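Please read the structure below before turning to the comments.
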Amino acid sequence: MRACAPSPGRATFAAVDYYEPNAREWEADLQELRRRLTKAFAFLVLVNVVGIVGFSVIDPDAGVIRAFYMTAITLTTVGYGEVVAIDTDAARLFTSVLILVGMGGVLYFVSTVTAFIIEGQLGHVFGRKRMERELAKLERHMIVCGSGPTAIYAVTELATVERPVVLVAASASEAHEFNEEVAGVPVVLGDPTDDHVLEAAGIGRAEGLIACSESDNQNVVITLTARQMNPSIRIVAKLQDVAQEAKVRKVGADAVVSPPHIGGLRLASELIRPTVVTFLDEMLRDRDQNLRVEEIAIREGAPTVGRRIRDLGLEELPGILLLAIRDGDGWKYNPDRDRSVQANTSLIFLGSPRDAQALRDRLGGGRPTDLPAPV
């Protein structure tokens with residue numbers, strides 16, 4: 001499997017980073033770091049106060065500034081010279097104890113910071129905090145819930161066509177495997193049937209969700225949970241047993257994909273139409289042109305409604321090839337250019353992701369298709 005490169009503007013995460021909303025050990029790590037640094041800093045302040053008071057007693061004429069300076073050069077052992085006379089045994093004893101105690105405080109403070117940096121805890125903590133912020137910014141993104149090759153292929157394809165995507169993995173080993181295969185995709189670690197995990201993945205702001213765990217029953221539960229949390233999201237569920245299709249559609253799936261069924265169709269196609277299959281494979285593998293069959297949903301109120309196809313300016317986007325339209329009358333392949341576009345119509349075309357987005361911006365269309373089926 002070739003890892004896909006992160007699309008422009010997408011945050012890139014380290015191979016071992018993932019966001020775990022339920023455990024939150026990283027929050028405890030950050031609190032522990034703050035506690036230790038606060039204790040070390042408070043101890044240093046206390047030592048400085050004791051030093052200032054002590055040197056002020058040794059030399060009443062020194063003043064606060066000179067006493068602080070003497071404390072600073074004593075603790076840091078820079079040896080600039082004494083600005084307070086240390087000419088009695090009591091003064092020498094006080095200075096010696098201040099050096100020993102003060103240096104211990106400095107070493108504790110430095111070792112605390114160094115330990116967190118060397119052990120990777122500091123970067124890990126802030127990496128997860130960064131992921132939390134990045135996940136909170138995502139809107140109209142896709143969520144893939146599952147494990148194994150199917151989930152990896154789904155995430156790879158979504159990232160390749162420059163759709164923002166979040167992966168929900170059930171275990172840390174799966175999260176690491178995904179990050180090795182698909183660079184630049186944020187991973188939420190946890191049970192995809194858990195409300196808190198889906199909330200962390202941005203279910204309320206997401207545009208689509210793929211339920212592709214290895215268990216059909218779990219995919220049914222994922223579908224039901226996601227539909228309850230976001231009634232408008234488009235859900236595609238994976239099923240091994242096609243007999244369960246009615247059940248998963250009843251709980252909220254918009255579409256169902258059966259790998260055995262798709263595999264059988266592919267085998268037959270390879271046998272009787274190998275050139276067509278080769279064309280489609282090469283189109284999917286071409287990283288330079290990155291062509292896909294895309295769709296645009298024309299809804300009520302869009303500026304395109306009522307205009308003829310020839311007036312849509314498709315010729316200004318030479319990378320776009322209109323293949324068909326779907327409206328209330330059904331499918332029309334290679335439609336007449338004088339045909340007008342009505343509301344609740346889908347345009348099916350071939351083009352690159354950037355050309356597809358440019359056409360959506362021009363036509364004011366949406367994605368994915370959630371229009372009513374033809375009567």
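Key figures for this structure:
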read-out: Separation between Cα centres of the range 292-341 and the range 218-242, rounded to whole Å; value: 30 Å
read-out: Percent of Cα-Cα distances greater than 15 Å, calculated over the range 298-355; value: 48 percent
read-out: Most to least packed among 48-61, 331-344 [average Cβ atoms within 10 Å]; value: 48-61, 331-344
read-out: When the convex hull of its Cα atoms is projected in every direction, mean area for the range 204-279 (nm²); value: 6.0 nm²
read-out: Relative contact order computed over the range 138-257 (Cα-Cα under 8 Å; 6+ residues apart), in percent; value: 25 percent
read-out: Volume per residue that the Cα convex hull of the range 26-118 spans, once the total is divided by residue count, Å³; value: 89 Å³
read-out: Total charge dipole magnitude, the range 138-257, about the Cα centre, Cβ charges on Lys, Arg, Asp, Glu only, Debye to nearest 20; value: 520 debye
read-out: Proximal lysines to residue 250, defined as alpha-carbon separation beneath 23 angstrom and excluding residues fewer than eight positions away on the same chain; value: 238
read-out: Long-range HN-HN contacts of residue 168 with modeled amide H, under 5 Å; value: 144, 145, 146, 188
read-out: Gain on full stretching of the segment that runs from residue 279 to residue 173 - 0.36 nm per residue minus C-alpha separation; value: 34.6 nm
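Here, each number is a calculation from the coordinates, and none is a lab measurement. Computed from a predicted model, the values in this text were never measured in an experiment. Positions of Cβ are generated from backbone atoms using ideal geometry, with glycine treated the same way; all protein chains shown enter the neighbour counts.
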